[in-house]
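The values are calculated or read from the model by the stated rules, or taken from the named source; none is laboratory data. Computed from a predicted structure; not experimentally measured. Cβ sites come from the backbone with ideal geometry, for glycine too, and all protein chains shown count toward neighbours.
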Amino acid sequence: MKLTILGSGAWEGIPAPFCSCAVCSLATKEPESKNNRTRPQILVEGKSGRFLLEASPDIRTQSTRFNVLSITDFFVSHWHFDHMYGLHELLSWMKRSSQKPTVHCSIGTKEVIEKEFGYLPLKVNVLRPLEPFTIFGVTITPLPVYHMFGRDNEVPWESLQNACGYLLESDGVKVVYLADYYRIPQATLQKIQNADAIIADGTYLLTNEYKDSKPNHMHGEDILHFTSGLGAKTVYYHSISHLTRKTHEEFQKAMPASHVIPYDGMEITF
């Protein structure tokens, strides 16, 4: 497998709108630097094809900047703006395409697609928790996670219908993509131990800002304690925000060994 981090930023991106913090100011002055981050999206290339993890609202600029060719399959973790609303950008392409693209997702995400994206000529494939699905030589297992506190906190893990991560397996390589979450059920933890790589949520990495008002994510050092305990060879983070006021280099220096802060365009080959 080969993964390309097309977008490494959190929901606001960097530079964030109307923000004059040191990181956003630097990213504005140096638009080609690693500090400039678009919203999360990962290109996955298997033996016989490619697909996207997430449908970033920045898909137009990402696809042209990194020369991403036509995609037929999108694996969306959940229906929040920064992970799915790039589908709106693709109407013209979908109308021209000879093959309807397929969005693979949870039941809850399918409901939002039917409500908000009904005009788009696409197909939706509902994935069931922990049931493997193989495409382009990559076996993908949906991983239930707790992300939407007000909706899911009292729901048994097998009934979670909103957010999910993905386990990607090919030729003995095991890569885990965990989208936004505040708690991981035991059934998912058993699946993700000792992976070759884990790509984990870094929205509030090294910051406790909004910890009391934003319970839908892990925060601060809790993220490092969680990811360090999973036994992965390498830990990468997605959805990097400007909240720590750290540049890319400063952020990386603050990480433990084998923990990596990605940047837009970073390639990971297994």
* Asked: Is it the case that region 135-143 has a residue that's over 15 Å from the mean Cα position of the chain (by Cα), touching a residue at least 60 places away in the same chain (Cβ under 8 Å), in a strand (DSSP E or B) and closer than 19 Å to LYS233 by Cβ?
  -> yes
* To do: Within region 64-82, track down each residue that is in contact (Cβ under 8 Å) with a residue 40 or more places away in the chain and assigned to a helix (DSSP H, G or I).
  => ARG65, PHE81, ASP82
* **In region 215-229, residue surrounded by the fewest Cβ atoms within 10 Å (Cβ to Cβ) [restricted to those that are in a loop (DSSP other than H, G, I, E, B) and at pLDDT 95 or above]** => GLY229
* Residue among ALA179, ALA195, ALA232, ALA257 that is touching a residue at least 60 places away in the same chain (Cβ under 8 Å), assigned to a loop (DSSP other than H, G, I, E, B) and among the small types (Gly, Ala, Ser) -> ALA179
* **Qualifying position, being over 28 Å from GLN62 (Cα atoms), basic (Lys, Arg), out of contact with any Asp or Glu (no Cβ under 6 Å at 6 or more places or on another chain) and surrounded by 13 or more Cβ atoms within 10 Å (Cβ to Cβ), among LYS246, LYS191** => LYS191
* Asked: Of all residues in region 39-51 being crowded, with 24+ Cβ neighbours inside 10 Å and not charged (D, E, K, R), which is nearest to THR203 (Cα to Cα)?
  -> PRO40
* How many residues does region 162-176 hold that are assigned to a loop (DSSP other than H, G, I, E, B) and crowded, with 19+ Cβ neighbours inside 10 Å? -> 2
* Of the residues TYR85, TYR119, which single one is farther than 21 Å from VAL155 by Cβ, in a helix (DSSP H, G or I) and aromatic (Phe, Trp, Tyr)? -> TYR85
* Asked: Got a sec? Which of ALA22, ALA27, ALA16 is surrounded by fewer than 19 Cβ atoms within 10 Å (Cβ to Cβ), within 23 Å of THR247 (Cα to Cα) and not aromatic (Phe, Trp, Tyr)?
  -> ALA22
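Conditions tested, residue by residue: (1) touching a Pro at 6+ places or on another chain (Cβ under 8 Å); (2) surrounded by fewer than 21 Cβ atoms within 10 Å (Cβ to Cβ); (3) closer than 17 Å to GLY7 by Cα.
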site: SER63; (1), (2), (3): no, no, yes
site: PHE66; (1), (2), (3): no, yes, yes
site: PHE74; (1), (2), (3): yes, no, yes
site: ASP82; (1), (2), (3): yes, no, yes
site: TYR119; (1), (2), (3): no, yes, no
site: PRO129; (1), (2), (3): yes, yes, no
site: VAL155; (1), (2), (3): no, yes, no
